[in-house]
Amino acid sequence: MSRPLSIRRHQDAYLVSAAHVNWVLVEDGHDLTLIDGGYPGNAADVERSVREIGHQMSDVRGALLTHAHVDHLGGLAVLADRYGFPVFTGADEVAHAHRDHLQQMGPAQIPLLLWRRGSVRWVTDIVRLGGTDRTGVEGARPYDPEQPLPGTPVPVATPGHTDGHTCYLIPGSRVLVTGDALVTGHAVSSLDGPQLIVRPFSHDRESALASLDAIADVDADVIFPGHGRAWEGSPAKAATLARETAGFWRP
Ligand SMILES: [Zn+2]
């Protein structure tokens, strides 16, 4: 049985939300760029979202990865293998995408989350979606905006959540894809609206806070986050709200 997907369009960019994570499709005529791809268990959902916006997988010219955590990379790894499209990410994220190392919360950190409402259900769900999979994307390479993918995504380096985390501005649609550098909700967060992702998920919280400055500098109208709903407003305003709520959670 297929689970419901929600698709929110802003001009040529589509935010697709599955139960626990988002990905983005950018349309440029017949061509598509896929940004992130959910968990391994979301691969069929990504295929379905491509069909739902009137395309087919062969329209995907390439994919961008905001960061190499399994909830964003897993589905991409399956689909890049299946369809042969190239996968690009930030230069400092390539080794992570290759799984030369892993900057991700492991089972040992799960107790840090269990006091949060919704967390037990979340852990059960993500294990089912392949959340413990350690597969990387072997062919991932640095994205060169001089050789742009459809929609001419512009990378914005936003280290912290991972060392090479990268946001992508879709200039024609005035959408900023923020991955997990700035989210608007999460199954284990009771906050609604622009926020930093809950603390145990980020590799370097101080850098993540500093990267909100890079987000604030971007000129756009809409935020498409890695988790939570699309948010209308300037990245500067979103960054301010995320800073204001950053102290909300205890460590
Ligand atoms: Zn994530």
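The values are calculated or read from the model by the stated rules, or taken from the named source; none is laboratory data. Predicted model only: the values in this text are computed from it and were never measured. Glycine also receives a Cβ, built like all others from the backbone with ideal geometry; neighbour counts cover every protein chain displayed. Note: areas computed on protein heavy atoms with side chains; ligands, DNA, RNA excluded. Shrake-Rupley method; radii C 1.70, N 1.55, O 1.52, S 1.80 Å.
Things to note:
- The alpha carbon convex hull volume per residue for the range 105-251 rounds to 122 Å³.
- DSSP-defined beta bridges in the chain - what % are antiparallel, rounded to 5: 65
- Distance (nanometres) between label positions extended 7 Å along Cα→Cβ at residue 221 and residue 174: 0.4
- Across all C-alpha atoms in the range 186-250, the radius of gyration and Dmax reach 11.3, 32 Å.
- Label-reachable residues, the range 1-33, where backbone N falls under 13 Å from a point 7 Å from residue 121's Cα toward its Cβ: 19-20
- For the range 6-245, the Cβ-based charge dipole about the Cα centre amounts to some 860 debye (Lys, Arg positive; Asp, Glu negative; other atoms uncharged).
- Normalised by the number of residues in the chain, the mean separation of alpha-carbon contacts (under 8 Å, six or more apart) gives a relative contact order of 18 percent.
- Angstrom value of the Kirkwood radius, inverse mean 1/r, which spans all Cα pairs in the range 117-182: 14.5
- Legend: translational diffusion of the chain by Stokes-Einstein, Rh = Kirkwood radius over C-alpha pairs, 25 °C, 0.890 mPa s; D = 139 µm²/s.
- Sorted on the mean count of surrounding Cβ atoms within 10 Å across their residues, most packed first, peptides 25-31, 127-133, 74-80 read 74-80, 25-31, 127-133.
- Normalised per residue, the accessible area of the range 6-245 is 40 Å², obtained with a 1.4 Å probe and no contribution from ligands, DNA or RNA.
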